[in-house]
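Enquirer: Please see the structure below; I have some questions.
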Amino acid sequence: MQHTEFTQGLEAPNPQWFILFGATGDLAKRKLYPALYSLYRNRLLPEPFALAGVARGAMDDGQFRELVREWVDKHGRRPATSGDWEGFAARVFYCPLDANRPEDFDRLRARIDQLARSVGDPPNRVFYLAMAPDFFGKVALQLKARGLLHERGFKRLIIEKPFGHDLASAHKLNSELYQVFEESEIYRIDHYLGKEMVQNIEVIRFANSIFEPVWNNRSIANVQITSSETVGVEERAGYYESAGALRDMVQNHMLQMVMMVAMEPPSRLHTEAIRDEKVKVLRSLRRYTADEAANHVVRGQYLAGAIGGAPVPGYREEPGVKPDSRTETFVAARLFIDNFRWAGVPFYIRTGKRMALKSTEIVIQFRNMPEHLYFNEDGTLGPNLLVIRVNPVEGMYLQLNAKRPGTEGDVVPVAMEFSQPRDSSPEAYERLLYEAMRGDSTYFTRWDEVSLAWKLVDPMAEAFADERVPLSTYPAGSWGPEEARRLPAADGFWWWPVYGEETPSVEHMLVRRYAQVL
Ligand code: BG6
């Protein structure tokens with residue numbers, strides 16, 4: 001599949017101020033400025049556009065612009081090239097603010113009012129809170145109290161995960177936000193929903209007549225969703241120690257992918273119709289009690305090992321991690337969606353840090369052909385697979401069976417691979433920022449999704465906390481704890497290798513995998 005640049009048929013959003021809290025933080029540096037600059041280059045920012053970067057440190061606009069330029073050069077898919085850069089930078093301003101000091105919000109307001117004279121005064125305001133969630137409620141209330149919401153224009157709030165630590169804290173946070181913003185004005189980011197191939201799932205499903213009729217428990221044996229990373233906890237131990245893989249990845253990204261695969265066709269391709277169908281999946285997902293979780297959920301923590309041949313420390317040796325930490329860096333689970341379409345089909349999910357490869361993939365494994373019949377007399381004919389590759393390549397892979405050319409009845413798996421490296425496709429954040437600025441919340445998380453996801457995850461977290469689900473270990477650079485292999489194996493399945501995972505040949509792999517299970 002060929003990528004085209006993210007411009008075709010798209011219009012620039014209405015003029016608006018983009019007010020970014022956490023302007024010198026990691027997310028802003030690595031994702032937001034590169035995405036905004038890319039949008040600018042594609043003429044997809046509002047005209048006029050004005051960005052107010054808000055953070056604690058003291059600096060002037062010039063210093064801030066220099067920093068933003070460095071970050072775009074370092075992390076962007078396109079470096080800041082001078083001509084275009086000047087135009088972008090001229091719209092970037094810096095406003096120091098301590099979120100604990102209400103009077104600083106007055107200063108911010110005065111600064112925006114003053115700048116409005118030179119850059120135009122769009123009354124529309126988008127506030128992006130790229131900061132610790134503890135501040136979300138506080139900042140939202142101050143925006144209102146200190147008059148930063150312009151009564152003539154629209155107001156929107158973009159916030160990052162984690163949205164709460166559990167259902168109770170998410171509720172509290174939400175009710176604070178609701179004092180200032182309505183649900184339709186809140187854009188909760190799950191950046192997986194901005195990924196090209198995650199958005200493509202509905203197109204693959206609903207634009208191809210060969211898939212929808214078989215997209216159910218009569219034809220599908222199981223679904224596997226992997227999101228593996230090679231990085232460790234990096235500099236985020238403070239956050240990660242209390243989050244772990246369950247809250248960091250499962251509650252949001254992994255469940256979003258489950259929803260996209262499993263949802264019913266929406267009545268129309270409209271935001272709320274799509275989100276309604278996704279929510280129904282969450283409602284049908286079987287909720288395990290903390291006791292049941294032990295049969296369906298595995299958690300692990302990485303030990304020292306090697307990634308790409310280089311030694312790496314174990315999780316407990318990472319800076320900022322407690323030497324006796326029980327935080328999980330890996331989770332695998334077997335989920336069931338108890339509705340007519342999916343009853344009986346296991347959805348296996350797994351995610352972890354310091355695994356063998358960086359990969360995000362969704363495998364749809366179709367049912368086997370009947371045994372003792374024709375080409376499957378010995379029962380070793382491989383199943384058909386449809387693999388949706390999200391990262392590091394994007395595209396699809398379809399595995400079929402066919403006769404080996406030149407033989408009489410030798411049946412072999414043949415692979416149709418339609419994937420390409422994802423370097424050229426726009427970053428998830430480009431899409432999401434653009435969509436939020438345009439006012440399209442389809443690929444953002446609605447409150448009922450968040451709360452239902454917590455209802456599913458909270459009992460698992462409880463079972464982790466009191467060790468009803470034991471903490472396994474795995475060497476860095478592996479595919480997770482042995483217990484994770486046993487999850488599908490107990491049902492007669494196995495994890496299919498992801499793109500780039502060493503597989504001598506598909507045929508060989510099938511034989512090897514069958515041997516493992518039998
Ligand atoms: C983030 C998590 O949401 O997603 C990180 O907080 C994780 O821990 C990241 O590394 C993975 O995203 P991606 O796009 O690299 O798969």
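Enquirer: Select, from 430, 394, the only residue that is acidic (Asp, Glu), touching a helix residue (DSSP H, G or I) at 6+ places or on another chain (Cβ under 9 Å), under 26 Å from residue 342 (Cβ atoms) and within 16 Å of the ligand (Cβ to nearest atom).
Expert: Criteria check complete, one pass: 394.
Enquirer: Return the pair list, or none, for Cβ contacts closer than 9 Å from residues in region 122-136 that are exposed (fewer than 15 other Cβ atoms within 10 Å of the Cβ) to residues that are modelled with pLDDT of 95 or more and not hydrophobic (A, V, I, L, M, F, W, C), at least 6 apart or on different chains.
Expert: From region 122-136, the pairs are 132/22.
Enquirer: From the residues in region 183-195 that are part of a helix (DSSP H, G or I) and out of contact with any Leu (no Cβ under 8 Å at 6 or more places or on another chain), which one is farthest from the ligand (Cβ to nearest atom)?
Expert: My answer is 184.
Enquirer: Which ones in region 292-304 are surrounded by 17 or more Cβ atoms within 10 Å (Cβ to Cβ) and part of a helix (DSSP H, G or I)?
Expert: Scanning region 292-304 gives 293, 296.
Enquirer: Here's a follow-up. Could you grab me the full set of residues in region 180-215 that are farther than 25 Å from residue 435 by Cβ, open to solvent by 10 Å² or more (accessible area, probe 1.4 Å) and of a type outside the set (A, V, I, L, M)?
Expert: Within region 180-215, 209, 211, 212, 213 qualify.
Enquirer: What are the pairs, 6+ residues apart or on separate chains, where a residue within region 225-240 that is under 18 Å from residue 305 (Cβ atoms) has its Cβ under 6 Å from a residue that is within 10 Å of the ligand (Cβ to nearest atom) and charged (D, E, K, R)?
Expert: Correct list of pairs: 229/353; 229/358; 230/358; 232/353.
Enquirer: Go through 286, 350, 326 for me and flag whichever is in contact with a Phe, Trp or Tyr (Cβ under 6 Å, 6 or more places away or on another chain) and either modelled with pLDDT of 95 or more or of a type outside the set (Lys, Arg) (or both).
Expert: 286
Enquirer: Inside region 433-453, can you point out the residues that are within 16 Å of the ligand (Cβ to nearest atom) and surrounded by fewer than 22 Cβ atoms within 10 Å (Cβ to Cβ)?
Expert: Across region 433-453, the qualifying residue is only 444.
Enquirer: Quick one: count up the residues across region 271-291 that are out of contact with any helix residue (DSSP H, G or I) (no Cβ under 6 Å at 6 or more places or on another chain), in contact (Cβ under 8 Å) with a residue 12 or more places away in the chain and open to solvent by 20 Å² or more (accessible area, probe 1.4 Å).
Expert: Number satisfying all stated conditions: 7.
Enquirer: Would you mention how many residues in region 222-255 are away from the ligand (no atom under 11 Å from the Cβ) and open to solvent by 10 Å² or more (accessible area, probe 1.4 Å)?
Expert: Result for region 222-255: 4.
Enquirer: Please state which one of 198, 180, 258 is part of a loop (DSSP other than H, G, I, E, B) and either within 16 Å of the ligand (Cβ to nearest atom) or touching a strand residue (DSSP E or B) at 6+ places or on another chain (Cβ under 9 Å) (or both).
Expert: Selected residue: 180, the only one of 198, 180, 258 that is part of a loop (DSSP other than H, G, I, E, B) and either within 16 Å of the ligand (Cβ to nearest atom) or touching a strand residue (DSSP E or B) at 6+ places or on another chain (Cβ under 9 Å) (or both).
Enquirer: Which residue, of 334, 316, is closer than 27 Å to residue 359 by Cα, away from the ligand (no atom under 16 Å from the Cβ), touching a residue at least 12 places away in the same chain (Cβ under 8 Å) and open to solvent by 60 Å² or more (accessible area, probe 1.4 Å)?
Expert: Exactly one of 334, 316 is closer than 27 Å to residue 359 by Cα, away from the ligand (no atom under 16 Å from the Cβ), touching a residue at least 12 places away in the same chain (Cβ under 8 Å) and open to solvent by 60 Å² or more (accessible area, probe 1.4 Å), namely 316.
Enquirer: I need a count of the residues in region 27-60 that are more than 22 Å from the chain's Cα centre (by Cα) and open to solvent by 30 Å² or more (accessible area, probe 1.4 Å).
Expert: The number of residues fulfilling the criteria is 10.
Enquirer: Then there's this: Find the residue count for region 409-440, including only residues that are touching a strand residue (DSSP E or B) at 6+ places or on another chain (Cβ under 9 Å) and within 28 Å of residue 39 (Cβ to Cβ).
Expert: Of the residues in that region, 12 qualify.
Enquirer: So which of 483, 462 ends up being acidic (Asp, Glu), touching a strand residue (DSSP E or B) at 6+ places or on another chain (Cβ under 6 Å), in a helix (DSSP H, G or I) and open to solvent by 10 Å² or more (accessible area, probe 1.4 Å)?
Expert: Exactly one residue qualifies, and that residue is 483.
Enquirer: Another question, if that's okay. Can you tell me which of 406, 395, 352 is touching a strand residue (DSSP E or B) at 6+ places or on another chain (Cβ under 8 Å), of a type in the set (Gly, Ala, Ser) and farther than 30 Å from residue 240 by Cβ?
Expert: 395
Enquirer: Any chance you could count how many residues in region 416-427 are part of a strand (DSSP E or B) and either within 16 Å of the ligand (Cβ to nearest atom) or open to solvent by 60 Å² or more (accessible area, probe 1.4 Å) (or both)?
Expert: Here the count works out to 4.
Enquirer: Does region 167-175 contain at least one residue that is in a loop (DSSP other than H, G, I, E, B), more than 16 Å from the ligand (Cβ to nearest atom) and either closer than 26 Å to residue 440 by Cβ or modelled with pLDDT of 95 or more (or both)?
Expert: no
Enquirer: Separate question: Working carefully through the options 123, 162, find the one that is away from the ligand (no atom under 16 Å from the Cβ), modelled with pLDDT under 95 and assigned to a loop (DSSP other than H, G, I, E, B).
Expert: Of 123, 162, the one residue that is away from the ligand (no atom under 16 Å from the Cβ), modelled with pLDDT under 95 and assigned to a loop (DSSP other than H, G, I, E, B) is 123.
Enquirer: Cβ-Cβ distance below 6 Å, separation of 6 or more or different chains: which pairs start in region 32-57 with a residue that is under 12 Å from residue 92 (Cα atoms) and part of a loop (DSSP other than H, G, I, E, B) and end on one that is among the aliphatic types (A, V, I, L, M) and open to solvent by 10 Å² or more (accessible area, probe 1.4 Å)?
Expert: 48/119
The values are calculated or read from the model by the stated rules, or taken from the named source; none is laboratory data. Bear in mind that the values here come from a model prediction, so they are computed numbers and not experimental data. Every residue, glycine as well, gets a Cβ built from its backbone with ideal geometry; the counts of neighbours run over all protein chains shown. When the accessible area is computed, the model is the full protein with side chains, heavy atoms only, and any ligands, DNA or RNA have been set aside. Shrake-Rupley method; radii C 1.70, N 1.55, O 1.52, S 1.80 Å.
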